[in-house]
Every structure is written in structure tokens, then in C-alpha cells.
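Below you'll find the structure, written out as C-alpha cells, and then a few comments.
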């Protein structure tokens, strides 16, 4: 006879909760694995790995439609949890990549995002991540077939960032006065295309979790609510570098671009000689113009969130599963990166995020069980950027157990992103649209009980 309470309670809820990163919107990646707090073994460890492929790309940029590829990169989420304890109390230590994002805009016209104003810098690529190390404990009281638990703990979170923006640097002020005057009379500029790279980081900052749970093992009922506090990283500093992406050139008054030797030939017709040594001294593509420049960012906020999940048995070997998450993404306004006084801006101005899911878990026999769920994420984009629109997901997974101390879980997810638009009138630095796109994900984990 199948012990459906034991099989279902130990399998399907954790599978569903494992897909929270794909349904949490914004920069959410992974969440601490607190489900192992309810395992009966004295010691439990779980190692997990998730792969996500969000295929989001622009359909049009500043009114021009085209095939611009995807700017969202694939990513991997490792996680680890180790729990010690018993029915009365337990604690779990976790490591997970909590928040992260990356964007590569090199397929857009000019190899980067459009400039926010003529001559401004243009974001080519950016990437950041926050790793979380945490400890969460459960203190429980059981009576009349019910168990009440209080949850609480601390976490530490770091922050790292790397980004590159493109711009043109005016070299006119470095020229002899006669050449400056000659270029000025023609309405021309001597420019060199440059890439400004920034690498910044912030130390670990501390936050907390607090929550409660209620269980009735007889019907495989468990309901949990867990709050995660906000963390502000206000000391993000590092260094930057400046390098030439190609040779210096001259931009004429009509906007045409000519090589420096061509411009020198034009000036020679007016009796102005440009020394060969000066031409040879101009920056060439690939040359490093400056290193070790001071870099910093504005405050980055990891938002507070409230997560509720529940399960209950509805038939032998069958569970009804549900979850809800609120995340305070409205704290995410804009990322401003400054290197040696030059700033680039990535606006967001998000709404709060709400996500929900409902599903079923089924124990097929003593060794195999699984789950399937559908989910909805409200999306957080407001028109300043348009990556995180409404998302609908379908996910499922299997649990394989050969005994009471080992379990392997595998699963997959497909998500459907709705279309959207961003505009300068809503705070964007350029106008753009995205179509209906897809997200794909796969997950695997192994759990050992002792």
C-alpha cells in the first residue's frame, strides 16, 4: 500500500517551490531552500542546479523594425543546503545566487543601445549578481496531530557589477591651437571611438527572514509564510578603464566621417599642414587610453518580499499545491554607473511584482512521484524598459527515490512572455518594442538524508 502522505508531502511542494526564480519577475534568480527544514532526518543536504534560457529580443528600436537577436543571456543557478535538527527544531544553511541580470546589446545598430542624447554614452553590455549565504531555523510545537512552527534567520548578500558603454571622445583640445582653429572653421571634430568599462563591487550586507508554518501530517497539509527583508548596497565602488575601439576619425559639419589622413589632405589644400608625427600619435583601435579610473554606482536595493506556499492532500497519493509571492520591485528605479566623472544610465522604474502558481503532485508508487503546475507573473515593466512583461508558465518534474535517504529530482519549465513597449515619455532613453517571447528552464537536484 502506498504511504501517500509521506510520498506526496516530501516531493511535490519542493518541486514547485524550486521554480520560484522563474516566476518571481525582475532580477530574481534563486531563493534559499527552506523546505528541507521539514525533513525528518537528523541531517539533510540538497544540491541543485537550474539552467534558464530567456529568449527576449527587440522587434523594433526607435521605430525601425529588424532582427536584433536576443539581449538576455542564458544563466545558471547553483544552490546548496545543509540542515541539522529534529521534529522540535532545525536549522539550515544555504548558498544561492539570489539576484542577477545580464544584457548584451551588441546586436543593436551601432553595437550598443542608442544614446540618451546626441553624443552620449551607449550601454553595450552589463552584468551583475548578488550571492546569498544564509542560516534559517525552525522552532516547532506539536499537539493533537498538528504542528506549529516559527521560522527566522539571517542572510548575507554581496554585489558585483561589470559593464561596458561606448562613446566618442573629442581629441580636439589636445591639438595645437592652429589645428583646433582650422577644424573649428570647418565645423569638424577629431574623435576617437572608446569603450568605457567598469568593474565594481560591494561588501556583504546583512538581512533577515522571519515566518511561520502550520502542518497537519494526517492530510499532508502544510502552509508556510516567509518574509525576506530589503538590503541596500550603498558602497559599490571599483575601477574602470578606457580603450579605443577603432582608429581616430574626423566628423565633418554635415555628419560625414572621414579618416584622419583624408582630413589632413583636405586641410593641406587650404595651406594647413598636419604633422605626420601627430597623425601617428593619435589613438589606434585596441589601444588602452587609461586604467585604474575611479568607478562607483548609485545604491542598489535587493527588494523585500513575502512568499506564501501551501499544500494539502486531496486524494490518496495526490496533493494540491499553491504559492504566491510579492516582491517590492518598485524600489528599483535606475542604475547609474560613473567612471572618472562619465555616467551611463539604465532606467527601470518598475512596479511591484506579484506571482502565483497552482499545481498537483502525484505519488505513482513508492519510488516515483511528480508534479505539474501553471503560474502567472504580473510583470514589473512600466515602459521605461520592457524586459519583464507578464509571464505565463507551465512546469513539471519527477522525483526518483530508491530508499529513504536519497532522492533525485528533475524538472522543466516553459514560459510565455507577453509583448510590450518602452518609450522616452515613460522614462526610457530610447523607444523600442518586444514581441511575444519564450523562456525555457531545466532543473536537477539531489537530496541525501542521514
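Rule-based calculations on the coordinates, nothing more; no lab input. Quick caveat: nothing in here was measured; it's all calculated off a predicted structure. Neighbour counts are summed over all protein chains in view; Cβ atoms, including those assigned to glycine, are modelled from backbone coordinates with ideal geometry.
In the stretch 78-99, the qualifying residues are those that are surrounded by fewer than 21 Cβ atoms within 10 Å (Cβ to Cβ) and closer than 15 Å to residue 49 by Cβ, and the one that is farthest from the chain's Cα centre (by Cα) is 80. Among the criteria (1) in contact (Cβ under 8 Å) with a residue 24 or more places away in the chain; (2) within 21 Å of residue 327 (Cβ to Cβ), the one residue 374 does not fulfil is (1).
Residues in the stretch 344-371 that are free of Cβ contacts under 8 Å to residues at least 60 places away in the same chain and crowded, with 18+ Cβ neighbours inside 10 Å: 348 only.
Does residue 372 satisfy the condition of being assigned to a strand (DSSP E or B) and either more than 18 Å from the chain's Cα centre (by Cα) or within 28 Å of residue 78 (Cβ to Cβ) (or both)? In short, yes. Scanning the stretch 111-120 for residues that are over 16 Å from residue 246 (Cα atoms) and touching a residue at least 12 places away in the same chain (Cβ under 8 Å), we see that the one that is surrounded by the most Cβ atoms within 10 Å (Cβ to Cβ) is 113.
Is one or more of the residues making up the stretch 303-313 in a loop (DSSP other than H, G, I, E, B), in contact (Cβ under 8 Å) with a residue 60 or more places away in the chain and in contact with a helix residue (DSSP H, G or I) (Cβ under 9 Å, 6 or more places away or on another chain)? Yes, some residue in the stretch 303-313 is in a loop (DSSP other than H, G, I, E, B), in contact (Cβ under 8 Å) with a residue 60 or more places away in the chain and in contact with a helix residue (DSSP H, G or I) (Cβ under 9 Å, 6 or more places away or on another chain).
Taken together, the criteria place residue 73 among residues that are under 26 Å from residue 443 (Cβ atoms) and surrounded by fewer than 22 Cβ atoms within 10 Å (Cβ to Cβ). The criterion of at least 1 residues that are more than 28 Å from the chain's Cα centre (by Cα) and closer than 30 Å to residue 201 by Cα is met, among strands (runs of 3 or more DSSP E) falling completely within the stretch 215-300, by 237-244, 288-297.
Give me the residue from the stretch 177-208 that is surrounded by fewer than 14 Cβ atoms within 10 Å (Cβ to Cβ) and free of Cβ contacts under 8 Å to residues at least 24 places away in the same chain and, out of that set, nearest to residue 228 (Cα to Cα). My answer is 184.
I'd like to check something: does the stretch 185-195 contain any residue that is assigned to a strand (DSSP E or B), within 30 Å of residue 287 (Cα to Cα) and within 24 Å of the chain's Cα centre (by Cα)? Within the stretch 185-195, one or more residues are assigned to a strand (DSSP E or B), within 30 Å of residue 287 (Cα to Cα) and within 24 Å of the chain's Cα centre (by Cα).
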